[in-house]
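Report on the structure given below.
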Amino acid sequence: MENIERTVREELGKIVEADMMAVSADEDITKLAQLDSLSVLELMDIIEERFDIEISLGEISKIRTIADVMRLISARVKKD
């Protein structure tokens, strides 16, 4: 889970051009000024490619926190 979290934080940080390591896993990342819906889609595209998983638009719409992303990835990786 630690590697998943690090990857999510690093990729999110690249998108919003900020250090995401200090952000709480339960903080609402959708309220970050630099994170719009296209940025979320970009993050999910990177996550899908990095972890070789598929994420539906319905699942993407439910993502609010880094913890949400980590849970989604963990559930998908376990299924595959």
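The values are calculated or read from the model by the stated rules, or taken from the named source; none is laboratory data. Values in this document were obtained by computation on a predicted structure and should not be read as measured data. Cβ: placed from backbone, ideal geometry, glycine included. Neighbour counts: every protein chain shown. Accessible surface areas use protein heavy atoms only, side chains included; no ligands, DNA or RNA. Shrake-Rupley method; radii C 1.70, N 1.55, O 1.52, S 1.80 Å.
Just a few scattered comments:
- Considering only alpha-carbon pairs that sit under 8 angstrom and 6 or more positions apart, the relative contact order computed for the range 28-80 is 42 percent.
- Highest mean packing first, where packing is the average number of other Cβ atoms within 10 Å per residue, the peptides 63-73, 38-48, 17-27 line up as 63-73, 38-48, 17-27.
- In terms of overall dimensions, the C-alpha atoms belonging to the range 1-48 reach 26, 23, 17 Å along their principal axes, ordered largest to smallest.
- If you wrap the range 36-80 in the convex hull of its Cα atoms and look at it from every side, the mean projected area works out to 2.9 nm².
- Only protein atoms count toward the accessible area here, which uses a 1.4 Å probe; on the chain, the carbon and sulfur part of that area reaches 48 percent.
- Binning the alpha carbon pair distances of the chain at 5 angstrom intervals from zero yields the distribution 3, 16, 31, 30, 15, 4, 1, expressed in whole percent.
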